[in-house]
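The values are calculated or read from the model by the stated rules, or taken from the named source; none is laboratory data. Remember, predicted model here, so these are calculated numbers, not experimental data. With ideal geometry, Cβ positions are generated from the backbone for all residues, glycine too; neighbour counts draw on all protein chains shown.
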């Protein structure tokens, strides 16, 4: 069983969160590092799936719609993690993400959308 690898959507890619997750041993790729800045949400989710990564985003509405569409069309993705309340501190975001990632395998995250 493999660990969840994370892809940070452009809107959620705070450098302090990325650094905090990496300090906890979590494999994180940002849109900047992947040269995906400006890609649509659909393109971001498809890229994450091709890379074998769950995507982390603040964009609840668009990704919930994409998740439903993927399920209807039997298209696989590696998971969607959402923290809908952007007012959480950096520490709270890191703790929520890291705690959840430690509690699930990559296989168990497939085709799921989780609100943290």
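Computed quantities for the displayed model
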| read-out | value |
| --- | --- |
| Residue count for segment 15-33, restricted to those that are over 13 Å from the mean Cα position of the chain (by Cα) and farther than 13 Å from residue 101 by Cα | 7 |
| Residues being crowded, with 19+ Cβ neighbours inside 10 Å and closer than 19 Å to residue 109 by Cβ - total across segment 19-28 | 2 |
| Residue among 97, 21 that is out of contact with any strand residue (DSSP E or B) (no Cβ under 6 Å at 6 or more places or on another chain), in a helix (DSSP H, G or I) and in contact (Cβ under 8 Å) with a residue 24 or more places away in the chain | 97 |
| Residue check for residue 48: touching a helix residue (DSSP H, G or I) at 6+ places or on another chain (Cβ under 7 Å) and assigned to a helix (DSSP H, G or I) | no |
| Residues located in segment 40-91, provided they are more than 19 Å from residue 109 (Cβ to Cβ) and touching a residue at least 12 places away in the same chain (Cβ under 8 Å) | 42, 62, 86, 90, 91 |
| Number of positions in segment 74-94 that are on the phi < 0 side of the Ramachandran plot, assigned to a loop (DSSP other than H, G, I, E, B) and in contact with a strand residue (DSSP E or B) (Cβ under 7 Å, 6 or more places away or on another chain) | 2 |
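Table: residues versus (1) modelled with pLDDT under 95; (2) more than 13 Å from residue 112 (Cα to Cα).
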position	(1), (2)
14	yes, yes
22	no, yes
26	no, yes
35	no, yes
49	no, no
67	no, no
77	no, no
87	yes, yes
